[in-house]
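Mind looking over this structure? Questions follow.
What follows is calculated from the coordinates using simple rules that are stated; it is not laboratory data. In this text the structure is predicted, and so the values were computed from the model without any measurement. So basically every Cβ, Gly included, is an ideal-geometry build from the backbone, and we count neighbours across all protein chains shown.
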Amino acid sequence: MRIAKGLRLAVVLGLLATGAACGGGSDSGSGGGKVELTLLSHYSDGPSKDGLDKMISEWNKENPKIQVKAQVVKFDDLLTTLTVRQTGGRGADIVSAYGLWGGQLMKANVVAKVPDDIATKIKAEYSPAALGAVTTGDTLLGYPTELNTYVLFYNKKILAAAGINKPPTTWAELADAAKKTVKRDAKGNIQVEGLSLIQDGDNKSVHPFLSLLDSAGGKFLAPDGTAQFDNEQGKAALKFEGDLAAAKATNTSISPTKQFRSGGVAMAIQAGWWIGSLKTQMKDKYSDVGVTAIPGPTAGSKGSLAYGFFMGVNQRSKHADEAWKFLTWMNEHKTEDGKVTETGKWLADQGLIPPRTADQAEYKKALPDPNLAPIYEAATYAMPEPNQPGAYEAKTALHNAIMTVLADGKNPDDALAQAAKAVKPQ
Amino acid sequence: MTTAVSRVGAVAAPARRVGKLHREGPAAYLFLSPALLFFCVFLILPFIFAIVLAFSDWGGFDLSTLKWAGFSNFGDVLSFDGTFVKPILVNTLLFAFGSVFLATFGSVLVAYCIDRLSFQGFWRVLYFLPVVATVVAIGNVWKMMYQPAGLINAVLNKLGVNSVGFLSDSSYALPSVTVVHAWASIGGAVLILTAGLKAIPEMYYEAAEVDGANSWHMFWSITLPLLRPALLFVLITQFIGGLQSFALIIVMTGDGGPVNATNVAAFEMYQRAFKFGAWGTASAMAMVLFVIILAITLLQLWIARRRGEETS
């Protein structure tokens with residue numbers, strides 16, 4: 001009894017010090033019947049910021065009593081900012097978060113339950129890949145926003161110079177193309193990397209691996225969070241990557257987002273958002289870029305990974321009803337021509353796949369760039385990225401395992417077994 | 001009689017002092033209260049909270065989700081199947097010992113040389129500059145120099161040596177960041193050691209010179225022994241700094257990679273708490289690191305005291 005009392009006292013004192021108990025509300029305000037909602041996101045620059053700002057100012061003009069204020073940070077700082085502000089009792093009313101974080105945010109009671117009527121509509125109107133990326137167990141975390149799928153980008157000129165006139169359609173062809181296109185100087189410095197198996201950002205080796213795993217028919221995590229990748233398909237996918245690393249056709253020190261545009265990478269497994277960056281960076285040379293589905297081990301097989309973002313309401317928001325009202329408007333109101341939603345247009349303008357099925361269908365009718373077709377197509381078969389509590393840790397364990405194979409030449413079977421052991425369902 | 005009076009007086013004087021102390025006590029505590037409050041709020045209470053969390057399962061934010069976990073967090077953290085003991089804790093110790101060794105050796109050398117040069121202020125400022133510069137700037141500059149097409153590899157290539165993946169090869173990554181950390185911390189140590197050198201009386205060197213001692217003998221038999229208190233301070237502060245440091249590693253490697261090769265305990269704690277929402281495990285790691293730092297600091301002090309040295 002005395003211990004329990006002491007423990008409670010310690011917790012209370014500790015919270016006083018750390019500020020975790022500070023009010024517990026969001027930093028929204030209300031005065032004179034006017035409500036101010038805050039929206040925290042990573043849409044911090046370029047078209048993503050402009051589009052969101054445009055929608056917010058339109059809403060603010062039409063709804064003088066519910067004003068929305070955008071708070072933006074870079075993606076790399078989003079989770080930390082969200083964590084710190086929430087801990088300090090100053091979490092935003094509306095949070096935009098990466099689907100992978102959904103499980104842990106739900107476990108920590110950060111995101112509020114989506115009201116039943118809104119959840120029913122979302123489930124009926126959004127694509128399975130988009131829903132899968134922002135659903136933990138049976139719980140929908142919010143409105144799906146960004147949806148990305150993985151595809152194979154290739155430089156047509158580099159492939160043609162190596163005598164390859166069509167993109168690879170099997171792992172054997174992919175490996176062959178990677179080995180034929182790699183170039184090194186006399187000192188061993190890489191001039192052209194055959195196939196890039198990493199991406200920028202967190203756990204950079206996992207998404208390309210999961211895309212290959214999907215193409216072989218494998219899975220990452222079971223719904224209960226146990227590892228599913230330590231099997232025949234997983235070993236085959238990692239062995240495929242390991243063989244390319246041993247042949248020096250792939251190298252983890254090369255950043256495809258920096259080197260591809262200047263012809264330093266022949267092929268790269270990347271997310272669809274990259275297309276927008278390549279267009280801007282490569283200008284006329286963008287015509288050298290080709291996009292195709294990520295091939296599988298046998299002819300006709302293919303795979304991809306879909307990951308998404310969502311916008312949900314903070315469980316501590318004092319104005320949850322107003323927040324849902326804004327989110328419903330933002331995701332449902334249509335553009336002037338009435339063909340797609342404003343949010344769908346905002347995302348498509350950035351080269352992202354609109355998560356709403358009707359928007360996707362409308363854009364698919366007349367894609368402005370043929371390279372977008374495989375990206376949209378992948379949304380129909382891609383493996384949604386699991387996001388239950390513990391998924392982020394599991395992903396990090398898998399990343400470490402993949403890197404031991406790619407960078408240190410470790411046996412793929414041992415690496416996967418070690419990663420599977422580190423995955424702890426929560 | 002006189003003796004008896006003086007004895008009575010001797011007994012009465014401490015009693016008066018005690019009474020005075022009792023009267024002044026509240027005022028003393030009142031003056032100390034801002035510092036004590038600061039100490040409690042920012043050190044003692046968070047420390048107590050961290051101890052509670054180390055025995056709990058908590059995803060952050062909402063206290064109602066806090067669950068008692070017993071010693072399971074410590075079991076996970078100290079398990080040899082996990083990554084914390086090896087490679088993370090091993091990396092932490094290698095990083096700390098390596099940077100302390102390099103920084104101390106380098107700073108003794110630099111301080112000794114500066115003490116014999118003209119324009120000493122200029123040299124001290126020059127070596128102190130990395131301490132003033134932000135970790136982000138230092139990390140990024142060295143990161144560029146370590147790149148396959150960077151300055152260091154260009155020099156190696158000119159010498160006929162193939163490029164080295166300083167930050168991408170797991171064998172080289174930890175030594176590479178250790179060197180940068182040591183380089184960045186030399187300035188502070190140089191400042192303390194030059195002050196220590198200035199405190200050594202010149203007459204010892206003059207006497208040694210008369211006895212025919214050369215520079216090496218003078219350094220070994222006079223400078224180094226008399227520099228021990230300053231050296232001890234440098235060693236302890238550098239070591240604690242090395243064990244807690246992770247900002248440079250984030251800047252240079254991003255995620256403690258490749259393959260956890262540069263992951264250290266403080267960075268892992270940060271990741272567990274702020275990325276994975278595993279506050280219990282992060283706090284258990286903090287407790288383990290606290291015990292290690294305490295043990296090593298006590299060991300350093302014990303060794304120094306056996307040799308009759310103190311830092312203050």
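Rounded to the nearest angstrom and ordered from largest down, what semi-axes does the equivalent ellipsoid of the range A:177-273 get from its C-alpha gyration tensor (root of 5λ)?
On the way: eigenvalues 146, 44, 20 Å².
Largest first, the range A:177-273 gives 27, 15, 10 Å.
Could I ask something else about it? Per DSSP H run of n ≥ 4, the term is -39500 (n - 2.57); total these for chain A, divide by its residue number, and report the mean residue ellipticity at 222 nm rounded to 500 deg cm²/dmol.
-13000 deg cm²/dmol
Just want the ordering: A:Leu141, A:Leu352, B:Leu126, from fewest to most Cβ atoms lying within 10 Å of their own Cβ.
Values: A:Leu141 28, A:Leu352 24, B:Leu126 14.
With the sparsest Cβ surroundings first, the list reads B:Leu126, A:Leu352, A:Leu141.
List, in the order given, every pair from A:Lys49/A:Lys204; A:Lys248/B:Lys143; A:Lys74/A:Lys345; A:Lys180/B:Lys158; A:Lys204/A:Lys364; A:Lys204/B:Lys275 whose Cα-Cα distance in the structure shown is over 27 Å.
On the way: A:Lys49/A:Lys204 25 Å; A:Lys248/B:Lys143 23 Å; A:Lys74/A:Lys345 22 Å; A:Lys180/B:Lys158 29 Å; A:Lys204/A:Lys364 29 Å; A:Lys204/B:Lys275 15 Å.
In this structure, A:Lys180/B:Lys158; A:Lys204/A:Lys364 exceed 27 Å between Cα atoms.
Separate question: To the nearest 0.05, what FRET efficiency results for A:Tyr286 and B:Phe38 with a Förster distance of 60 Å applied to their C-beta separation? Don't jump to the answer; show the numbers that get you there.
Numbers: r = 58 Å, r/R0 = 0.97.
After rounding, the FRET efficiency stands at 0.55.
Here's something else I'd like to know. If packing is taken as the average number of other Cβ atoms within 10 Å across a peptide's residues, how do A:45-57, A:174-186 rank, most packed first? Could you put the intermediate results ahead of the total?
Numbers: A:45-57: 15.4, A:174-186: 18.2.
Highest mean packing first, the order is A:174-186, A:45-57.
How high is the relative contact order of chain B, in percent, counting Cα pairs under 8 Å that sit 6 or more residues apart?
Working: 329 pairs, mean separation 84.0, N = 312.
Answer for chain B is 27 percent.
Just how far, in whole angstrom, is the range B:276-301 from the range B:219-237 if you go by their alpha carbon centroids?
Value for the Cα centre distance between the two parts: 28 Å.
Would you tell me the mean number of C-beta atoms belonging to other protein chains that fall within 10 Å of each C-beta in A:391-402, as a whole number? Intermediate values should be presented prior to the final figure.
Details: counts 1, 5, 7, 1, 1, 7, 2, 0, 4, 10, 1, 1.
Partner Cβ neighbours, averaged per residue: 3.
Arrange the following residues from fewest to most other Cβ atoms within 10 Å of their Cβ: B:Phe128, A:Phe153. Write out the running numbers ahead of the final one.
Details: B:Phe128 15, A:Phe153 26.
Ranking B:Phe128, A:Phe153 by Cβ neighbours within 10 Å, fewest first, gives B:Phe128, A:Phe153.
So, one more: About the Cα centre of chain A, how large is the charge dipole given +1 on each Lys and Arg Cβ and -1 on each Asp and Glu Cβ? Please answer in debye to the nearest 20. List each step's numbers first, then the result.
Working: 48 positive and 45 negative charges, 149 e Å.
That gives chain A a dipole magnitude of about 720 debye.
Here's another thing I want to ask about it. Return the ratio Rg/(2.2 N^0.38 Å) for the protein assembly as shown, where Rg is computed over Cα atoms only. Mind dumping the intermediate values first?
Details: Rg = 30.7 Å, N = 738, 2.2 N^0.38 = 27.1 Å.
With N residues counted in the protein assembly as shown, Rg over 2.2 N^0.38 Å equals 1.14.
Based on Cβ point charges of +1 for Lys and Arg and -1 for Asp and Glu, what charge dipole magnitude is obtained for the range B:82-306 about its Cα centre, in debye rounded to the nearest 20?
Details: 11 positive and 8 negative charges, 89 e Å.
Magnitude of the dipole: close to 420 debye.
Just flag the GluC sites (Glu not before Pro) in the range A:287-352 sitting in loop per DSSP whose Cβ has no more than 12 other Cβ atoms within 10 Å. Walk me through the numbers on the way to the answer.
Working: sites: A:Glu322, A:Glu332, A:Glu336, A:Glu342; in loops: A:Glu336.
In loop regions of the range A:287-352 (DSSP not H, G, I, E or B), the sparsely surrounded GluC sites (Glu not before Pro) are A:Glu336.
With +1 on each Lys and Arg Cβ and -1 on each Asp and Glu Cβ, how big is the dipole of the protein assembly as shown about its Cα centre, in debye rounded to the nearest 20? Numbers along the way, then the final one.
Working: 66 positive and 60 negative charges, 283 e Å.
In total the dipole reaches around 1360 debye.
Which log10 I(q)/I(0) values, to two decimals, does the range A:261-340 give at q = 0.25 Å⁻¹ under the Debye formula with one point per Cα?
Calculated log10 I(q)/I(0) at the listed q: -1.18.
Also, I was wondering about something else. With viscosity set to 1.002 mPa s at 20 °C, what whole-number translational diffusion coefficient in µm²/s follows for the range B:71-160 from Stokes-Einstein and a Kirkwood radius over Cα pairs? Could the numbers behind the result be given before it?
On the way: Rh = 17.1 Å.
Calculated translational D: 126 µm²/s.
Give, to the nearest whole percent, the P(r) tail of chain B beyond 29 angstrom, counting all Cα pairs.
Values: 27166 of 48516 pairs.
Above the 29 Å cut-off, chain B has 56 percent of its Cα pairs.
List the extent of the Cα atoms of the range B:164-312 along each of their three principal axes, largest first, rounded to whole Å.
Extents along the principal axes: 66, 37, 22 Å.
Give a quick list of trypsin sites (Lys or Arg not before Pro) in the range B:113-195 that DSSP marks as loop, anything other than H, G, I, E or B, with at most 16 other Cβ atoms within 10 Å. Can you show the working numbers first?
Working: sites: B:Arg116, B:Arg124, B:Lys143, B:Lys158; in loops: B:Arg116.
Answer by residue number: B:Arg116.
Got a sec? How would B:Ser221, B:Ser107, A:Ser262 order by Cβ neighbour count within 10 Å, fewest to most? Can you show the working numbers first?
Numbers: B:Ser221 13, B:Ser107 25, A:Ser262 10.
Starting with the residue having the fewest Cβ neighbours, the order is A:Ser262, B:Ser221, B:Ser107.
Rounded to whole Å and sorted largest first, list the principal axis extents of the Cα atoms in chain A.
Cα extents, longest axis first: 71, 64, 39 Å.
Taking every alpha carbon pair in the range A:220-369, what does the distance histogram look like in 10 angstrom bins from 0, in percent?
Pair shares across the bins are 8, 25, 29, 25, 12, 1.
Need one number: % antiparallel among DSSP beta bridges in the protein assembly as shown, to the nearest 5. List each step's numbers first, then the result.
Values: 35 of 51 bridges.
DSSP beta bridges in the protein assembly as shown are roughly 70 percent antiparallel.
Next question, about the same structure. Per DSSP helix of 4 or more residues, -39500 (n - 2.57); summed, then divided by the residues of chain B. What does that give at 222 nm, rounded to the nearest 500? Could you put the intermediate results ahead of the total?
Working: 14 runs with 210 residues, N = 312.
Counting only the DSSP helices, I get -22000 deg cm²/dmol.
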